[in-house]
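Shown next, in structure tokens, is the structure this report addresses.
The values are calculated or read from the model by the stated rules, or taken from the named source; none is laboratory data. Values in this document were obtained by computation on a predicted structure and should not be read as measured data. Ideal geometry is used to build each Cβ from the backbone, glycine not excepted, and the neighbour counts take in all protein chains shown.
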Amino acid sequence: MIEAPKQDELLFLALGGAGEIGMNLNLYGHAGRWLMVDLGVTFGDDSTPGIDLIMPDISFIEQERAKLAGLVLTHAHEDHIGAMPWLWPRLRCPIYATPFTAAVLRRKMTESDFEGELPLTEIPMSGRFRIPPFELELITLTHSIPEPNAVVIRTGAGTVLHTGDWKLDPEPLVGPVADEAALRRLGEEGVLAMVCDSTNALVPGESGSEATVRDSLDVLIGRAKQRIAVACFSSNVARLESVAKAAAKHDRQVALVGRSLWRINQAARETGYLSDVPDFVSEHDADFLPRDKLVLLCTGSQGEPRSALARIARNEHPAVQLEPGDTVIFSSRVIPGNERDIGRLQNELARLGVEIVTERDHDVHVSGHPAQDELAQMYQWVRPRIAVPVHGEARHMMAHARLAEACQVPQAIVPANGAVIRLAPGPAERIAEVPSGRYGLDGSTLIPLHGETIRFRHRMLHNGAAVAMLLLTGKGKLAAEPEIAIQGLGEPDEIEAARTAAAAAVRAALEKLPAESRRSEDAIKEAARIAVRRSLHARYGKKPLTEVRILRLS
Ligand SMILES: [Zn+2]
Ligand SMILES: [Zn+2]
């Protein structure tokens with residue numbers, strides 16, 4: 001535990017998002033209070049069997065929640081708001097967000113069993129507000145979702161610009177361009193620290209514009225002869241609009257296939273976006289349209305097996321089919337870790353005879369994060385005394401720190417989840433550690449990812465499991481042949497032999513136990529456990545997770 005932030009101090013603490021791209025959770029401490037920025041998730045993979053959603057350990061701020069003044073959400077991406085349904089109910093602090101983010105959040109909160117009124121204050125774009133002792137201002141940037149906001153945090157100990165996710169898109173198509181005047185004004189005013197997006201710090205040049213993507217989609221949709229499907233991230237409203245406009249120009253209607261697209265569509269229209277785009281048609285109505293009069297907008301660009309596009313590719317979708325000569329455009333990037341799933345999906349589409357277009361073939365995607373030239377531009381405008389790279393893996397944050405130093409920022413400090421960094425009074429330094437870690441949503445409960453459940457699940461996954469049940473007399477002798485259950489090891493036609501052999505091994509081991517040990521349940525269990533594992537290892541070359549249960553006759 002650490003002392004409450006002092007009057008002259010400004011502290012920064014990431015509980016998620018430092019050293020990773022995902023589950024962003026940032027805290028600022030000043031004059032006895034904490035301010036939270038974002039509360040996101042990250043996604044599970046092969047290393048987290050059974051776990052799709054991962055979120056930060058919030059035990060520190062949960063204990064300090066009397067000092068938690070409020071939570072500002074920068075934008076509506078999952079890695080910034082995705083943990084709200086599960087973690088916010090433990091904090092119950094006031095929430096601040098712009099209208100689109102608020103609309104997405106309200107829908108999201110219905111995913112959990114949280115019911116009741118959210119203490120959510122909508123802040124207009126470029127709005128100023130107070131969460132004492134913090135004075136806040138939003139600065140509009142551009143990204144890959146409507147309403148990406150940087151947050152200016154002014155305190156008696158200095159001013160921080162927390163950029164959130166951003167890029168400099170000269171033609172974002174939805175929403176205004178980044179507010180350069182506000183950033184320059186802030187630079188003039190003086191900025192202690194900039195906490196900034198590192199995602200593309202290794203990428204030279206600029207990230208490119210949504211306008212380029214719109215032009216490419218227009219060409220591709222214009223020249224296609226049959227049905228077209230476009231896979232993109234559902235939250236990219238500008239991309240949805242681009243597909244809709246290109247489709248309308250070429251006399252096609254657009255169907256949304258996938259629930260998250262409909263949710264974003266509703267949130268967008270409710271807050272004034274997509275207003276000059278015709279209504280989308282449902283997947284059921286889509287099937288009645290001629291093949292050359294339709295564009296399908298689908299979820300599943302990352303090859304997620306349960307998504308709309310994966311089901312279409314497997315010919316398992318109830319309403320929508322693709323045929324030879326149809327086109328699928330992946331208007332998205334490959335998120336590292338998803339290569340295999342995407343490869344599988346594209347193979348399935350190829351087998352259907354579908355033409356596949358990706359960002360390697362045409363300009364059908366641009367990143368929403370700043371490449372090196374954009375970062376340098378931001379440092380020129382804001383001129384912070386301290387650079388704090390976040391929203392990146394170690395290599396991205398280190399590259400970002402070097403870039404900041406090359407941009408004449410006097411100090412760059414690379415944070416880690418759980419490390420308390422004192423930004424003022426300076427120089428910036430790590431002053432303490434608080435607990436940090438990851439929790440996975442396992443069915444309906446949150447479990448620590450470094451806990452027993454996942455450890456055991458891994459061992460079962462790789463080695464199978466066995467349970468030995470022993471019926472013992474009062475004197476510790478076997479009253480019947482041991483029962484051995486084996487799972488995830490052995491095929492049905494020979495599993496009986498394996499069970500018999502393991503049971504015999506247990507009997508032999510127990511007979512060898514000295515009389516004294518036979519009075520100890522632990523000694524019996526351990527002897528039986530080793531016997532089962534040895535027997536199965538001799539047969540299969542695997543050591544399954546093994547448990548022994550004892551029943552006693554009295
Ligand atoms: Zn993000
Ligand atoms: Zn984002």
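Tell me whether the stretch 110-122 contains one or more residues that are touching a residue at least 60 places away in the same chain (Cβ under 8 Å) and either in contact with a Pro (Cβ under 7 Å, 6 or more places away or on another chain) or over 27 Å from G44 (Cα atoms) (or both).
no
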If you go through G187, G208, the only one that is at pLDDT 95 or above, in contact with a helix residue (DSSP H, G or I) (Cβ under 9 Å, 6 or more places away or on another chain), surrounded by fewer than 20 Cβ atoms within 10 Å (Cβ to Cβ) and not basic (K, R) is G187
Test E78 against the criterion of being modelled with pLDDT of 95 or more, assigned by TED's automatic domain parsing to the domain that holds G127, away from ligand 2 (no atom under 16 Å from the Cβ) and of a type outside the set (G, A, S), and give yes or no. no
Considering only residues of the stretch 175-200 that are of a type outside the set (G, A, S) and within 14 Å of ligand 2 (Cβ to nearest atom), which is farthest from V334 (Cα to Cα)? C196
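Would you pick out the residues in the stretch 211-261 that are hydroxyl-bearing (S, T, Y) and within 25 Å of the chain's Cα centre (by Cα)? Walk me through it before giving the result.
Initially, the stretch 211-261 is screened for residues hydroxyl-bearing (S, T, Y), giving 212, 216, 234-235, 242, 260.
Answer for the stretch 211-261, where residues must be hydroxyl-bearing (S, T, Y) and within 25 Å of the chain's Cα centre (by Cα): S234, S235, S260.
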Quick one: is K475 surrounded by fewer than 12 Cβ atoms within 10 Å (Cβ to Cβ), at pLDDT below 95 and either touching a strand residue (DSSP E or B) at 6+ places or on another chain (Cβ under 6 Å) or in a loop (DSSP other than H, G, I, E, B) (or both)? yes
For D8: the one exception among (1) more than 16 Å from ligand 2 (Cβ to nearest atom); (2) without any contact (Cβ under 8 Å) to a residue 40 or more places away in the chain: (2)
Residues that are over 18 Å from E78 (Cβ atoms) and of a type in the set (D, E): list the helices (runs of 4 or more DSSP H) wholly contained in the stretch 304-396 that include at least 1 such residues. 339-351, 372-382
Considering only the stretch 116-127, how many residues are at pLDDT below 95 and part of a strand (DSSP E or B)? 0
Is it the case that the stretch 506-525 has a residue that's out of contact with any Lys or Arg (no Cβ under 7 Å at 6 or more places or on another chain), surrounded by 15 or more Cβ atoms within 10 Å (Cβ to Cβ) and free of Cβ contacts under 8 Å to residues at least 12 places away in the same chain? yes
So, in the stretch 63-87, how many residues would count as being polar (S, T, N, Q) and crowded, with 19+ Cβ neighbours inside 10 Å? 1
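I'd like to check something: does the stretch 539-551 contain any residue that is of a type outside the set (A, V, I, L, M, F, W, C) and part of a helix (DSSP H, G or I)?
Going residue by residue through the stretch 539-551, those that are of a type outside the set (A, V, I, L, M, F, W, C) are 539-544, 546-547, 549.
Filter once more, keeping what is part of a helix (DSSP H, G or I): 539-540.
So far as the stretch 539-551 goes, yes, one or more of its residues are of a type outside the set (A, V, I, L, M, F, W, C) and part of a helix (DSSP H, G or I).
Would you point out the residue of the stretch 35-70, among those that are of a type in the set (A, V, I, L, M) and farther than 21 Å from C93 by Cβ, that is farthest from ligand 2 (Cβ to nearest atom)?
The extreme case among them is I51.
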Given the criterion at pLDDT below 95 and either over 14 Å from S332 (Cβ atoms) or within 16 Å of ligand 2 (Cβ to nearest atom) (or both), identify the matching residue among L296, L289, L256, L274. L289
Between residues in the stretch 153-173 that are under 17 Å from A18 (Cα atoms) and residues that are among the polar types (S, T, N, Q) and not in a loop (DSSP other than H, G, I, E, B), which pairs lie under 7 Å by C-beta distance while being six or more apart or on different chains? H162/N26; G164/N149; W166/T142
May I ask you to list the residues in the stretch 287-303 that are of a type in the set (G, A, S) and outside any loop (DSSP other than H, G, I, E, B)? none
Test result for L39, among the aliphatic types (A, V, I, L, M) and surrounded by fewer than 20 Cβ atoms within 10 Å (Cβ to Cβ): no
Answer with yes or no whether E433 is under 23 Å from L27 (Cα atoms), under 28 Å from the mean Cα position of the chain (by Cα), within 16 Å of ligand 1 (Cβ to nearest atom) and surrounded by fewer than 22 Cβ atoms within 10 Å (Cβ to Cβ). no
Which of the residues that make up the stretch 152-177 are within 16 Å of ligand 1 (Cβ to nearest atom) and touching a Pro at 6+ places or on another chain (Cβ under 8 Å)? G164, D165, W166, K167
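Looking only at helices (runs of 4 or more DSSP H) that fall completely inside the stretch 1-115, which ones have 1 or more residues that are more than 16 Å from ligand 1 (Cβ to nearest atom)?
Output list reads 59-63, 84-91, 99-109.
Conditions (1) assigned by TED's automatic domain parsing to the domain that holds A399; (2) among the β-branched types (V, I, T); (3) away from ligand 1 (no atom under 16 Å from the Cβ); (4) at pLDDT below 95, marked per residue:
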residue: S331; (1), (2), (3), (4): no, no, yes, no
residue: V334; (1), (2), (3), (4): no, yes, yes, yes
residue: G337; (1), (2), (3), (4): no, no, no, yes
residue: R340; (1), (2), (3), (4): no, no, yes, yes
residue: G343; (1), (2), (3), (4): no, no, yes, no
residue: L349; (1), (2), (3), (4): no, no, yes, no
residue: G353; (1), (2), (3), (4): no, no, yes, no
Anything in the stretch 466-497 that is within 43 Å of the chain's Cα centre (by Cα) and hydrophobic (A, V, I, L, M, F, W, C)? List them, or say none. A466, V467, A468, M469, I484, A485, I486, L489, I495
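Kindly indicate the residue of the stretch 179-199 that is part of a loop (DSSP other than H, G, I, E, B) and more than 25 Å from L345 (Cβ to Cβ) and also nearest to the chain's Cα centre (by Cα) among those meeting that condition.
Restricting to residues being part of a loop (DSSP other than H, G, I, E, B) and more than 25 Å from L345 (Cβ to Cβ), the top hit is S198.
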Do the conditions hold for R383, that is, is it at pLDDT 95 or above and not assigned by TED's automatic domain parsing to the domain that holds N200? no
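Specify the residue that is nearest to V243 (Cα to Cα); the eligible residues are those in the stretch 149-178 that are of a type in the set (G, A, S) and assigned to a strand (DSSP E or B).
Per the criteria, the residue is A150.
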